[in-house]
């Protein structure tokens, strides 16, 4: 897969310096072992974008105010979240300019391919889910005759079931801090049906999306910079951000781009030992499956090796499984780590495993509802009590998100009035996503100097771009990372927003970007044309 | 107000020890200055309840698992949240026993007076708010004819307005990380109408209830245990919990129970100087107005003194104003700190002020929706960018909560179809709360050895109980704080759940509990009777 040598790019990172709390990784190309993945070197000048417009408004007299960049929590300064970073700020500015002055740019609209936010790009919600939510929000219409004409019979029935599970039918009350018990029962039953192994509703913590659940685990496991969390490179920047905010050390392990973003336990072992030799105590291993930003789906055999590795090394396995419904290729299938570990004979006493799920992804894409859960297994009751205590400080997650999480894990079944429509909506979305992934993947692989692994799952492509030296020099002159330079050029020329690979981490000297597969299908041909035309002219301008 | 000397109780706390990260306070009774408010001494044996039942299930073989109480983040162990603490765990167990075995206890139901959760106790949601939420959840019914029969015309119109403010009308998409711009415009307009001073939508951060907003500010301001946050004693334990989780130091200042929980700036000054003399750098002052758990409403003049104090001392004023709609007495009125500071001529450049608001309180009581916002003023643009970055790591707050926050700040107006019903619902709830507060206050003041300040606002009473020596000895023998001992006895005898004062902090040697005024009005007489009977028999058992 690696068509292009990246050696010439290495000099750019020679002045990267090691941040105190982030471990210098070994990576596949050993001659590069003294430089850092770019996303880890947030303080290097090459990442300094022009500050967003608000900064330039800073009034000198503001210095009388007690809070300054110099006296806030330095962990916040260290934290980065590229998915909503500078490139998005620029996109928002362009959008405002387009609105105020149509025709001011060579495109009519901004296409946000920076973030897995399907409904913002026109994906429709699943009708059944929204019917149930609306009825639970306003239960007093449930027994009105007009309601029969507006809502499906099974949505009405499901709303009644859910209301009966809520003490006093009070959808406006704080719930148990882990979430409404009846909804956790439903979710546990859904997990059992998926895996073929028992699930305990008391292991479920419902959360406002998966992100707060990840933070909660990081908060639990990280006491100081000596505590390490093994994360894939490239990774979803929630992990690097959360580790930075909690003051721990990100211990990187590299996915192998050449083998379709393969995850080798030999690489895990090497990085683990390297970390330990530096006095870091790795506490957990993060695995994102299907992968974000890489889109790979792990083979079951590989998962078994990972489980065995965690068990042997005493690591908590943090399994980000929010894309479990997003698999697009016939030769791959999603298997939860819970199922895999149970199939190996490992139970509650053998392996500590936390699985994250969200209503934001899958075919539902209900990002704005902020629903999700974590299933916490192999954690002793006294530690789980501490997790409960932290959850209780925020009282509970939002009830609509809780309800939606239960619906996602227990959708309409054969014979239900909504079943046919539900299947049509679900299959329509998933098969379209598969076609979009393939079309974009092919288009990217047709570009000069670009290679792109297939998106087996999730919502992203992560192509590698072999940038000409002249482009790299131009980026250097503009005080910008080369991949960020490319992405800004792409945005300015086409209105397409993608995220530079440096936001996710990449082998030093290689450059990538992440692009979602989420624009509606009728827009894909135009995107391919715009991207292809842009890339050609970019290469024409900078070809060595 | 202080009918009883508390000197005899002091010896109990003599063995309290100072926790490293919590400042030993000066408090009004100077001879007690070497002991701590109880809530600050979480590690003292007197607070050790019998562990909840899950603990007793802990299997010895669980020790093979990698995560133990010994190797998790010690800040989590330090954190306490009494509102959902051991007493609630006990209540849940009793509730299960009642369900499994009716008649097993001397009461038929558990009355949760531990938490400001109105709808869990039967309060109905405001119809207009729920209509709009349901329509935004399922917009495809908006133009169906049956909808006209089910929903009010202004709810339909408002839903259209809101949908038009959301890009692509996508209520299932992630929004801007501060919240949907159009909703922030509405909220800013609502603040302007309330205060008579301008509000900027860019200062608004919509959050999942007020709690995450408080955490965000603590995360920003606390870098180490040297950073102090001035908090009232008694306080709402979100503050002590959040400060503990972020590793800062709680600098207590005492509200004066004798003057109706008065807030004296001389006390603020004394505690501030004491903290500074110990090497603590106080960064912010928390004021809860109307007060939680105390129920007092600050006089405008007092607020001016507080603003002046913060300005002079370079403190961020963190104004918890979530009870702004809950004022029950004709001689008091809510004034926002923003209005007060602007009326003093202080603007953006003069005072750093963060105001917290929530959809969980007021007459709406929509706790389960997790909506709220903070208005951040007097914070420089570069620091606000850092707050934005932290918000963006969690993407956005839930959209239903965002919508509800806009509705709360912009309810139906004269002439709207819903206006009359809205007013009737709102006034019905608020006037009933006022009556309940008065009835419970009078009943408490009629108990032997109990004094209770009036609930001018908020949702709580915080009576002081003068416990007999014999009861204190019995608590000591049971390894329990005396107020917790009383509360457990109350629960076991009556099913009424209240929270011991030690969960909020109190002058050492004094004992209190917090009781909400939220049970439905028809239940209040029975509660008064049960409480009165219990208290009499408790005193009969333990009277010295």
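The values are calculated or read from the model by the stated rules, or taken from the named source; none is laboratory data. Everything numeric in this text was worked out from a predicted model, so none of it was measured. Heads up, the Cβs are rebuilt from the backbone with ideal geometry, glycines too, and the neighbour counts pull from every protein chain shown.
Here is a check on your reading of the model: is residue B:502 modelled with pLDDT under 95, outside the structural domain of residue B:234 (by TED's automatic domain parsing) and farther than 25 Å from residue B:123 by Cβ? Here the answer is yes, as residue B:502 does meet what is asked.
Selection of the stretch B:312-341 for residues being touching a strand residue (DSSP E or B) at 6+ places or on another chain (Cβ under 9 Å) and in a helix (DSSP H, G or I) yields B:313, B:337, B:338, B:341. Residues of the stretch B:128-156 that are without any contact (Cβ under 8 Å) to a residue 24 or more places away in the chain, facing another protein chain (nearest Cβ under 10 Å) and either surrounded by fewer than 19 Cβ atoms within 10 Å (Cβ to Cβ) or closer than 12 Å to residue A:150 by Cβ (or both): B:134, B:138, B:140, B:141, B:144, B:145, B:146, B:147, B:148, B:149, B:150, B:151.
Yes/no per residue for (1) touching a helix residue (DSSP H, G or I) at 6+ places or on another chain (Cβ under 7 Å); (2) in contact (Cβ under 8 Å) with a residue 60 or more places away in the chain; (3) closer than 30 Å to residue B:79 by Cβ; (4) in a loop (DSSP other than H, G, I, E, B):
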site: A:386; (1), (2), (3), (4): yes, yes, yes, no
site: A:401; (1), (2), (3), (4): yes, yes, yes, no
site: A:404; (1), (2), (3), (4): yes, yes, yes, no
site: A:424; (1), (2), (3), (4): no, no, no, no
site: A:430; (1), (2), (3), (4): no, yes, no, no
site: A:441; (1), (2), (3), (4): no, no, no, no
site: A:455; (1), (2), (3), (4): yes, yes, no, yes
site: A:472; (1), (2), (3), (4): yes, yes, no, no
site: A:487; (1), (2), (3), (4): yes, yes, no, no
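So which of A:87, A:76, A:72 ends up being in a loop (DSSP other than H, G, I, E, B) and either within 9 Å of chain B (Cβ to nearest Cβ) or in contact with a helix residue (DSSP H, G or I) (Cβ under 7 Å, 6 or more places away or on another chain) (or both)?
Numbers: A:87 fails: in a loop (DSSP other than H, G, I, E, B); A:76 fails: in a loop (DSSP other than H, G, I, E, B).
Result: A:72 is the single residue among A:87, A:76, A:72 that is in a loop (DSSP other than H, G, I, E, B) and either within 9 Å of chain B (Cβ to nearest Cβ) or in contact with a helix residue (DSSP H, G or I) (Cβ under 7 Å, 6 or more places away or on another chain) (or both).
Residues in the stretch B:360-381 that are under 18 Å from the mean Cα position of the chain (by Cα), assigned to a loop (DSSP other than H, G, I, E, B) and at the interface with chain A (Cβ under 9 Å from one of its Cβ atoms): B:360, B:364, B:365, B:366, B:370, B:371. At negative phi, within 9 Å of chain B (Cβ to nearest Cβ) and at pLDDT 95 or above: does that describe residue A:58? For residue A:58, the condition - at negative phi, within 9 Å of chain B (Cβ to nearest Cβ) and at pLDDT 95 or above - is not met.
Within this structure, residue B:321 fails the test of being in contact (Cβ under 8 Å) with a residue 40 or more places away in the chain and either over 20 Å from residue B:203 (Cα atoms) or touching a helix residue (DSSP H, G or I) at 6+ places or on another chain (Cβ under 9 Å) (or both).
Name the residue that is surrounded by the fewest Cβ atoms within 10 Å (Cβ to Cβ), counting only residues in the stretch A:473-483 that are under 23 Å from residue A:115 (Cβ atoms) and at pLDDT below 95.
Among residues in the stretch A:473-483 that are under 23 Å from residue A:115 (Cβ atoms) and at pLDDT below 95, the one surrounded by the fewest Cβ atoms within 10 Å (Cβ to Cβ) is A:480.
Identify all residues within the stretch A:457-472 that are farther than 12 Å from residue A:543 by Cα and surrounded by fewer than 24 Cβ atoms within 10 Å (Cβ to Cβ); write none if there are none. Give the derivation first.
Residues of the stretch A:457-472 farther than 12 Å from residue A:543 by Cα: A:457-465.
Correct list: A:463 only.
Mind listing whichever residues of the stretch A:443-453 are part of a strand (DSSP E or B) and buried (at least 19 other Cβ atoms within 10 Å of the Cβ)? Within the stretch A:443-453, A:450 is the sole residue that qualifies.
Please verify whether residue B:417 is surrounded by 24 or more Cβ atoms within 10 Å (Cβ to Cβ), in contact (Cβ under 8 Å) with a residue 60 or more places away in the chain and more than 14 Å from every other protein chain (Cβ to nearest Cβ), treating the condition exactly as stated. Write out each step before concluding.
Working: surrounded by 24 or more Cβ atoms within 10 Å (Cβ to Cβ): no; in contact (Cβ under 8 Å) with a residue 60 or more places away in the chain: yes; more than 14 Å from every other protein chain (Cβ to nearest Cβ): yes.
Judged against the criteria, residue B:417 is not a match.
If we scan the stretch B:105-113, do we find a residue that is in contact with a strand residue (DSSP E or B) (Cβ under 6 Å, 6 or more places away or on another chain) and within 11 Å of chain A (Cβ to nearest Cβ)? It would help to see each step written out before you state the result.
From the stretch B:105-113, those in contact with a strand residue (DSSP E or B) (Cβ under 6 Å, 6 or more places away or on another chain) are B:111-113; that's our starting set.
With within 11 Å of chain A (Cβ to nearest Cβ) added as a condition, the list becomes B:112.
Yes; the residues of the stretch B:105-113 include at least one that is in contact with a strand residue (DSSP E or B) (Cβ under 6 Å, 6 or more places away or on another chain) and within 11 Å of chain A (Cβ to nearest Cβ).
All of (1) more than 30 Å from residue B:250 (Cα to Cα); (2) crowded, with 19+ Cβ neighbours inside 10 Å; (3) more than 7 Å from every other protein chain (Cβ to nearest Cβ); (4) touching a residue at least 24 places away in the same chain (Cβ under 8 Å) hold for residue B:125 with one exception: (3). Among the residues of the stretch B:347-379, those that are out of contact with any strand residue (DSSP E or B) (no Cβ under 9 Å at 6 or more places or on another chain) and surrounded by fewer than 24 Cβ atoms within 10 Å (Cβ to Cβ) comprise B:349, B:350, B:362, B:363. With the condition kept exactly as written, say whether any residue in the stretch B:303-319 is buried (at least 24 other Cβ atoms within 10 Å of the Cβ) and under 16 Å from the mean Cα position of the chain (by Cα). Yes; the residues of the stretch B:303-319 include at least one that is buried (at least 24 other Cβ atoms within 10 Å of the Cβ) and under 16 Å from the mean Cα position of the chain (by Cα).
Matching residues to (1) more than 27 Å from the chain's Cα centre (by Cα); (2) more than 11 Å from every other protein chain (Cβ to nearest Cβ); (3) farther than 13 Å from residue B:372 by Cα; (4) surrounded by fewer than 20 Cβ atoms within 10 Å (Cβ to Cβ):
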| site | (1), (2), (3), (4) |
| --- | --- |
| B:168 | yes, no, yes, yes |
| B:181 | yes, no, yes, yes |
| B:193 | no, yes, yes, yes |
| B:217 | no, no, yes, no |
| B:222 | no, no, yes, no |
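Looking at residue A:307, is it at pLDDT 95 or above and not in a helix (DSSP H, G or I)? Show your work before the answer.
Values: at pLDDT 95 or above: yes; not in a helix (DSSP H, G or I): no.
No, not satisfied.
Test of understanding: among A:173, A:159, A:188, which residue is assigned to a helix (DSSP H, G or I), within 14 Å of chain B (Cβ to nearest Cβ) and buried (at least 19 other Cβ atoms within 10 Å of the Cβ)?
Working: A:173 fails: assigned to a helix (DSSP H, G or I); A:188 fails: within 14 Å of chain B (Cβ to nearest Cβ).
None of the other options fit; the residue is A:159.
Looking for whichever is touching a helix residue (DSSP H, G or I) at 6+ places or on another chain (Cβ under 8 Å) and within 19 Å of residue B:161 (Cβ to Cβ) here; the options are B:200, B:185, B:208, B:227. Which one fits?
Values: B:200 fails: within 19 Å of residue B:161 (Cβ to Cβ); B:208 fails: within 19 Å of residue B:161 (Cβ to Cβ); B:227 fails: within 19 Å of residue B:161 (Cβ to Cβ).
Within the list B:200, B:185, B:208, B:227, the selection yields B:185.
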